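Chemist: Shown below is the structure under consideration.
The values are calculated or read from the model by the stated rules, or taken from the named source; none is laboratory data. Note that the structure is predicted; figures quoted are calculated from it, not measured. With ideal geometry, Cβ positions are generated from the backbone for all residues, glycine too; neighbour counts draw on all protein chains shown. Side chains included, ligands, DNA and RNA excluded: accessible areas come from the protein's heavy atoms. Shrake-Rupley method; radii C 1.70, N 1.55, O 1.52, S 1.80 Å.
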Amino acid sequence: MSPRADAESDRLKKAITMAKKAHSGQFRKTGEPYIVHPLAVKKILEEWGMDEDTVIAGVLHDTVEDTDLTLEDIRNEFGNSVAFLVDGVTKLSTARRGMRDIDTYLPSTKDNFLRLMIALGDDIRVLIIKLADRLHNIRTLSALPPEKQKKIAKETLEVFAPLADRLNMGRLRVEMADLAFKYVDPRRFEELETLIEKRNKSAEQSLKKIKQEVMEALKREKITAEVSGRVKSVYSLHRKLAKHNQNINEIYDLTALRIIVDDITDCYLALGIIHSLYMPMNGRIKDYIAMPKQNGYQSLHTTVITKDKHIVEFQIRTKEMHEYAERGLAASFYYNEQKVTENYKQGKIKHLPTNLLWITELQMAAAKLREGKKIDLKKLKLNLFADKIFVYTPKGDIIDLPNGAMPLDFAYRLHSEIGDHVVGVKINGKMSNLNKKLEQGDIVEILTSKNQTPKQSWLEKIFTSHARTKLMHALRPSTISEESTRRKHRTK
Ligand code: MN
């Protein structure tokens, strides 16, 4: 909880009074007075540690759209910054309302909502308010009619949870995804929840022992550490199972322990200690400290096999890395790093931590746009989605692929059976070539024939290591052992 929570400033109090008055007489589907919603959003933003302007904008976020209050009123009372944030949130909802159902807007438009949000949300705080707004709405989704529930839940899974991930807000992503998944596929949710519970129960005793062993070993080496179990979200298990042909035995991070230590040196020492206790699995060591994920996530991961043949994943990180992994940009950007980025913009420092670079680039581009200067939108998109494009099956399922992917990558991502039998591809309804680079928003239809066999020449029409491994396997099943192929696939 933020220290500000119990000491509301006069500005904040004034905002609450203003919102109460503006929304009076309005009710939510739950039957409660409408003001309950903006106040809940306020609380969430406070818990995330956002600055006062953002919290005030959270209180007022629905007023311009749904009440008589105008942007001018807000500007006069609270200044430019709050008005700018409320305006951004209002623009986002207006834009969204202008689009058709998620079922149509996601597959058919190249400017899907996620991209639109980023294009409009040129102050990252607008997106953070929108995320808080959606979090409260999905927490209270049960009050809506079933059809609407499904729609909002689906949009949450496909747009908001990935956005939270983009901002490295891990805790938010997990909560949003699981709440939404429950509505999208209730039966599957329950099934997987039971499965996880069962697994956890059967692993409980051995996990306790492993935890004990590790803590003792760390203590012997004088490393101060907190060791705790990490719960895997139902939705991420669902996604992983889909990727591994529903084979739960291929999911190695089902049981995971998290070790939090004081500094980076201790991270690597702890990794060494764990490897001296247990057998590390080949190709399962990941150094996200030296090479952070695109969203800034840092940690050391390793999967080991214990003497009792249990497979356990360890995640090792410092307190700061942990905080950032859980709370993401909401935690670090506007508090600790604002000065850093300010100095960067003014040219006082040359290098930014990589996790902040894309945000800063986005904001600088947005500032240029506001000044009426031209920017290269293509480049901006590339920076934001350097690692990812979203393309669609004709049915509208979203497939995310690395930027640079081609039709065969798409086909092998769907299934190796599909990949092996490709005879052609239609992109956005037109016949196309297999070496055509896929673009953001393309609708890709793979044509297959059961008489087709994989071709050596396809290797040049493939971008992802995932597809390459599958193709190589199909081409030379006798020279590459199955085990090594599978391993490569996993480490991709
Ligand atoms: Mn709202």
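Chemist: List, largest first, the extents of the alpha carbons of the range 1-82 along their principal axes, each in whole Å.
Modeler: For the range 1-82, the Cα extents along the three principal axes come out at 32, 30, 17 Å.
Chemist: Go through Glu191, Glu155 and list them by solvent-accessible area, largest first, probe radius 1.4 Å.
Modeler: These residues rank, largest area first, as Glu191, Glu155.
Chemist: Go through Tyr324, Tyr288 and list them by solvent-accessible area, largest first, probe radius 1.4 Å.
Modeler: These residues rank, largest area first, as Tyr288, Tyr324.
Chemist: Alpha carbon centre of the range 278-298 versus the range 200-251: separation in Å?
Modeler: Computed from Cα coordinates, the inter-centre distance equals 16 Å.
Chemist: Once amide H atoms are placed 1.01 Å from N in the peptide plane, what residues at a sequence separation of 5 or more from Gly424, or on another chain, have their amide H within under 5 Å of its amide H?
Modeler: Correct list: Leu447.
Chemist: For Glu175, Glu221, give me the order by solvent-accessible area with a 1.4 Å probe, most accessible first, ignoring ligands, DNA and RNA.
Modeler: Numbers: Glu175 65, Glu221 110 Å².
Sorted descending by solvent-accessible area, the residues read Glu221, Glu175.
Chemist: Something else: For the pairs Lys395/Lys430; Lys42/Lys148; Lys150/Lys395, flag any whose C-alpha to C-alpha distance is greater than 19 Å.
Modeler: With Cα atoms farther than 19 Å apart: Lys42/Lys148.
Chemist: So what does Asp287 come to for accessible area, using a 1.4 Å probe and Å² rounded to 10?
Modeler: About 50 Å², ignoring ligands and nucleic acids.
Chemist: Report, to two decimal places, the Cα Rg of the range 148-262 normalised by 2.2 N^0.38 Å (N = number of residues). Write down the numbers at each step before the final one.
Modeler: Numbers: Rg = 16.8 Å, N = 115, 2.2 N^0.38 = 13.4 Å.
That works out to 1.26 for the range 148-262.
Chemist: While we're looking at this one, here's another question. Might you work out the accessible area of Leu414 for me, using a 1.4 Å probe with all protein chains in place, and round it to the nearest 10 Å²?
Modeler: Rounded to the nearest 10, that gives 70 Å².
Chemist: Right, something else. Going through the cross-link list Lys130/Lys286; Lys154/Lys461; Lys29/Lys91; Lys151/Lys437; Lys243/Lys461, which pairs have a Cα-Cα distance over 25 Å in this structure?
Modeler: Lys130/Lys286; Lys154/Lys461; Lys151/Lys437
Chemist: Hey, got a sec? Which GluC sites (Glu not before Pro) in the range 437-474 land in a DSSP loop and have at most 14 other Cβ atoms within 10 Å?
Modeler: Glu439
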